[in-house]
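Visitor: There's a structure below that I have some questions on.
Just so you know, all these numbers are worked out from the coordinates, no wet-lab data involved. Remember, it's a predicted structure, so these values are computed and weren't measured experimentally. Here Cβ is always computed from backbone atoms with ideal geometry, including for glycine, and neighbour counts include all displayed protein chains.
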Amino acid sequence: MSMHFHQRRFFAYLSGAPNLHTLSSVSSHSHTLVTTDRCVSLLSYGDSGYSLHKLEVDALRTGKADVVAAAAIERPETCQSRVAVAYAVGDALFLQVLAHHHGSIGNGDDAEASGCGTFQLEAAPTCMFSAQAAGPNGDVFYGVMVCCTDSMLAFGYIENEKEASTTGSATVCTRLNNDQFAAFFPELSTFTYTILAVDIYTSPGKDQGWVAFGCADGLVRVFHGSMRRGCLGGPFQTKDLQLNGPVTGVALFPKQKTAPNNSTSTWCCNLLVTCAIGQAVVYEDLYNTSTEDENSEVLVDSDTFDSIFAGITADIDLDGEVELLLGTDSQKWQRLSRSQWDLETFGAIYSLLWRDINHDGVPELLIASSTGIYVYEADPAFVINKVEHVLAALHTSSTTTK
C-alpha cells in the first residue's frame, strides 16, 4: 500500500523571511516555534484546528529590530516554559526571555507574552537550542545555549531539586558566568568552533543520549553520554567528522542492536549530515569504527543540488525504520532513495520537522519553505491499515504463546 500525505494547512509568514532554524520543536509538544527575521510565532493545534500566532515582543513592534534566533526554555512540569528571542537593533544585540500565555492563543492574531529578563549580547548568535544540565548540590539548569562565532553562552534558570519540591520555584532568569558554565557544561566550556546546527537524541529508556554539533568549517562533533537526574551529562565519548563545507543540518538516528544470543542489546549511533555545498552523508555505527574505517555513504543524487538546507530522519511509512528527508533549494523534500516519494512545494525548503502536533498519535510533516509553512498529515486509510496489521500480528503472537 502506497504512503500518501495530504496538505492540511498552509500559513504565509506573518512577517519576515525564513532561515535554517525557522522550525523549532518543543518537547512538551504544546507548540512549535516558527522564527523569521522579523518575528517569532507559535504553531499549535486546538479546537479550531491548526493556528499560527505571532508572539508579541515589545522590541519588535516598531519594525526596526531583526530577529536573529529563538529557542524554548523547557522547565519542569511545575514551572512555565519560556521562549528566548535574540534580536538586533542597529548594532546592538539583545536576548529577551518571554513567558507566553496559553490562554491568549486562539483569541486573536497574536499570542500575549510578558518579559522575564533582557540581556545584552556581545556577538550575534549563529544557533540557539534548548538545554538542560545537572550540576553540583542538586542544582539543575534549564535554559538555552547561545552559540556565537567562537564561544557558547547559557541563559536560563537554576533550579534546586530539594528546594523546588518543598517551596516551589522562585528563581529568576540569569546568564551563567564562566564558573557556572564550566560546572554545568565542562565539555563545552572550551568548544570554540562556530556551530550552525544541533541535534539531540535521548534513548527511549532515558538512560543515555547523544548530541551532534555541525560547524561552519565542516567539523561535526558527536557527544555520547548518560542521563543523570533527567539530564544528559558526561563523561562523554566524542567522535569528530570532517566535511568539505559548512554543515547545515545534523540528524541523529541511533538504533538498538540485539546480540546473537538475544541476552544483551547495545546502541549504535547513526548520523545524517547535510552540507551547504549540496551533499548529504550518512555515517553508521560511529563509535565502533576507527577514523580510517568510517562507514559513510553519500546519499544518491544528493550532490546534484546547489544547496541542501535541511535534513531530518523520520519513520514516514511507519514500518519501524527511519527514512531520510532532505530540504533543498529546488523546491522538494526527498525520501531517498525512492524518487516516487518526492513531494514538491513552492519555494526553496529551509527547515523540516516531523512531530505529532495535533496529538492524534501520528506525527505530521512540517515544511518551512521560502513561501510559508506547510502542514502535511498522513493518509488516514494508510494509518488505519497499518494499525490493523499491528493488532493482527499481536493477536497472532498472543495466541501462539498460549
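Visitor: When the chain is fully extended, how far beyond the present Cα-Cα distance does ARG355 get from ARG61, taking 0.36 nm per residue of separation?
Guide: Values: separation 294, 0.36 × 294 = 105.84 nm, distance 3.06 nm.
Taking ARG355 through ARG61 to full extension adds about 102.8 nm, to one decimal.
Visitor: Let me know the whole percent of all Cα-Cα pairs from region 21-95 that are separated by more than 16 Å. Don't skip to the end; give the middle numbers.
Guide: Details: 1427 of 2775 pairs.
Cα-Cα pairs in region 21-95 separated by more than 16 Å: 51 percent.
Visitor: How do MET128, MET152, MET227 line up, fewest other C-beta atoms within 10 Å first?
Guide: On the way: MET128 26, MET152 22, MET227 16.
The fewest-first ordering by Cβ neighbours comes to MET227, MET152, MET128.
Visitor: Taking neighbour Cβ counts within 10 Å as the exposure measure, how do TRP267, TRP210 sort from fewest upward?
Guide: Values: TRP267 19, TRP210 26.
Fewest-to-most ranking of TRP267, TRP210: TRP267, TRP210.
Visitor: Between GLU297 and PHE94, how many nm apart are label points set 7 Å from Cα along the C-beta direction?
Guide: 5.0 nm
Visitor: Residues with beta-carbon under 11 Å from that of THR238, excluding THR238: net charge, scoring Lys, Arg +1 and Asp, Glu -1? Don't jump to the answer; show the numbers that get you there.
Guide: Working: positive: ARG221, LYS239; negative: GLU187, ASP240.
Charge balance near THR238 sits at 0.
Visitor: Arranged from highest to lowest average of other beta-carbon atoms within 10 Å per residue, in what order do the peptides 373-382, 235-244 appear?
Guide: Numbers: 373-382: 18.0, 235-244: 14.6.
Peptide ranking by packing, descending: 373-382, 235-244.
Visitor: Still on this model: Mind giving me the nanometre distance, one decimal, between the label points for SER265 and ALA124, set 7 Å out from Cα along Cα→Cβ?
Guide: About 4.6 nm separates the two model spin labels.
Visitor: Let me ask something additional. Hey, got a sec? Which GluC sites (Glu not before Pro) in region 52-85 land in a DSSP loop and have at most 16 other Cβ atoms within 10 Å?
Guide: Numbers: sites: GLU56, GLU74, GLU77; in loops: GLU56, GLU74, GLU77.
Loop-located and lightly packed - GLU77.
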